[in-house]
Amino acid sequence: MSWFKRIKQGVTTKSKEKKEIPEGLWYKCPECKNVMTSDEHAANYWVCSKCEFHDRIGSAEYFSLLFDEGSEEVAAGLTSGDPLTFVDTKAYTDRIRNTISKTGLEDAIRVGYGRMEGIPVVIACMDFAFIGGSMGSVVGEKFARGADKAIKENCAFICISKSGGARMMEAGFSLMQMAKTSAKLTQLADHQLPYISILTDPTTGGVTASFAMLGDLNIAEPKALIGFAGPRVVKETIGKDLPEGFQSAEFVLEKGFLDYIVNRKEMKKTVAQSLRMFLPEEHPEVREGEQS
Amino acid sequence: MNQTAMTTYLDFEAPIKELNEQIEKLRQSSEKTGVDMSKAIRDLEKAVRDKTREIYSSLDPWQRVQVSRHPERPYTLHYINTLTGGVWQELHGDRNVKDDKAMVGGFGVMNGRTVMFIGQQKGINTKMRQYRNFGMANPEGYRKALRLMKLAEKFNKPVVTFIDTPGAFPGLEAEERGQGEAIARNLFEMMKLRVPVICIIIGEGASGGALGIGIGDKVLMLENTWYSVISPESCSSILWRSWDQKITAANALKLTAEDMHRNKLVDGIIREPHGGAHAAPDEAAELVRKEILKHLDKLGAIEPEERIRQRIRKFCSMGVVVE
């Protein structure tokens, strides 16, 4: 009986019962089909109120939910060059220009400096909307300047990863951003400054194989896809279906590569608490958040 | 002489194959009939040399990718054996999970000095290719490599890595054991190694799997190798959604030694013997030896802190942005 029964979550409605929902006003959870207003969804940190599904959000949203109030943008105004004059089905320069106008972003990462529960922090946050959050020269350079800023301000550095990996259109340059970001982390470590890596859905490829896995703490959002090779590639390699939950944050935690998983609603509080434990004891002003 | 029968010819080597077949025919008929054809054979042999030089002096990127994967191309163990004259000890295992056969390494004595050699190893025949997992290391391979580097650092011996991999292995267990973390850890730790590190791409330099042992004071590429973020085939399948654009992708990726050097992403190119490293593996190893010795001398004269500073500065300067 059960071998043709749908066992995976997702489709619970018969197609004739399917209702069209106007864009913008309502949010329908892709996991459990729970419907809520977009405002409710945003107020709930873009997490489904019923099944806790964490929707993908960008740097603007993360900044708004992590910084106490406003932040100073670090390394703004950097955009991608086209060092290889790369053309696939589209010229890379056109792709960049179109993506910039479509997303309003400069590239796949933004860096902000501000306070989180009173603790000064630099936060770098990737944007999946920008060519799949792919890492090219701009991501590497902004990450590097973010680390420099943390060193200059003598504060913690947090990076929220969300990326398909390296950006193919910058080929060798993209690859070397893995080296560059790792090099910057050695400098941060020399200054004994905490580096917190937060892995969100999805974090794969060259980002996983460099700065995302190098945190003093590696933290993830629930159910985030985290891996080096993408699931499709792994499936092709082994020629079998992948086990349920393979490469999920819970799986990666179980295998020993994450310190903890945190619900987005608790992220600020939890990460701030971690940071306070890293900080020197003699700074009571940054510990005040503990009381609240 | 049955060299002709053993040699693998790449598609663009067809003219060389033809000439070699003619030589073989002449030899056979000369043997059978007793007629001296040595002059004709000598002429043809010269023609082979000229043709080889001509073809190899203008290889396009895709052809270089093919040469880099030539089944008779010398692999890491050939270089280690030749450079040390066999005076080396292979060291196994990552002290954690197992011994990865796709990654080999150990101390060896080259020109009177001890060097830690590490590299991916491909198999030399069908059975060995499987045994070596086609040069695709698992996390324990990268962790073994790091263990050996730390060992070299402890005893103040330089590290030489040979890079030759179609990529880090994308298998299920590799993911379970943290392929991403293993590579990331190597990038981080190699940046800070206090001993000189020379990395040489001797075949394929595919993506993170190559970079995982590729952080060095000097990163060099053999003439007919490639180094990039993805193979031309996979690039074609992802960007063009078809396997047919591998030649276009090979051109677009700027993955040859010349391109990578021009873009300052590697520090130098090591020339190969005429007709590629597979045509004269020992000669190739000697060319590599010369380069290693030259760089070891220069790097050895620099204080460790300064060497690390320069290494970090070099990798931090890579990238092109518009401000």
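Summary of values
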| item | result |
| --- | --- |
| Sequence-distant residues sharing a close amide H with B:Met103 (under 5 Å, placed H) | B:Gln121 |
| Formal net charge of residues neighbouring B:Arg271 (Cβ-Cβ distance under 14 Å; K, R +1; D, E -1) | -1 |
| Of A:Lys142/B:Lys254; A:Lys223/A:Lys255; A:Lys162/A:Lys184; B:Lys157/B:Lys298, those spanning more than 21 Å from alpha-carbon to alpha-carbon | A:Lys142/B:Lys254 |
| Aspartates and glutamates whose Cα lies under 12 Å from that of B:Lys192, excluding same-chain neighbours fewer than 8 positions away | A:Asp190, B:Glu153, B:Asp217, B:Glu305, B:Glu306 |
| In sequence order, calculated HN-Hα J values of the range B:99-108 (Karplus, 6.51, -1.76, 1.60; Hz; x Gly/Pro) | 9, 8, 6, 7, 10, 10, x, x, 6, x |
| Portion, in percent, of the accessible area of the range A:126-185 that falls on carbon or sulfur, probe 1.4 Å | 49 |
| Computed label-point distance, nm, for sites A:Cys51 and B:Phe12 using a 7 Å Cα→Cβ extension | 5.2 |
| Chains A and B, summed buried accessible surface - 1.4 Å probe, Å², nearest 100 | 4300 |
| Unsatisfied cross-links (Cα-Cα over 30 Å) in the set B:Lys122/B:Lys150; A:Lys180/A:Lys268; B:Lys51/B:Lys218 | B:Lys51/B:Lys218 |
| Per residue value of the accessible surface for chain A (all protein chains in place, 1.4 Å probe), Å² | 46 |
| Delta accessible area of at least 10 Å² on complex formation, residues of the range B:283-320, 1.4 Å probe, chain isolated as reference | B:Ile312, B:Phe315, B:Cys316, B:Met318, B:Gly319, B:Val320 |
| Heavy-atom accessible surface of chain B: percent carbon and sulfur, 1.4 Å | 51 |
| DSSP-loop trypsin sites (Lys or Arg not before Pro) across the range A:71-120, with at most 15 other Cβ within 10 angstrom | A:Lys90 |
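The values are calculated or read from the model by the stated rules, or taken from the named source; none is laboratory data. Computed from a prediction, not measured in an experiment: that's the story for all the values here. We place every Cβ from the backbone using ideal geometry, glycine too, and count neighbours over all the protein chains shown. To get the accessible areas, we keep the full protein, side chains included, count just its heavy atoms, and leave off ligands, DNA and RNA. Shrake-Rupley method; radii C 1.70, N 1.55, O 1.52, S 1.80 Å.
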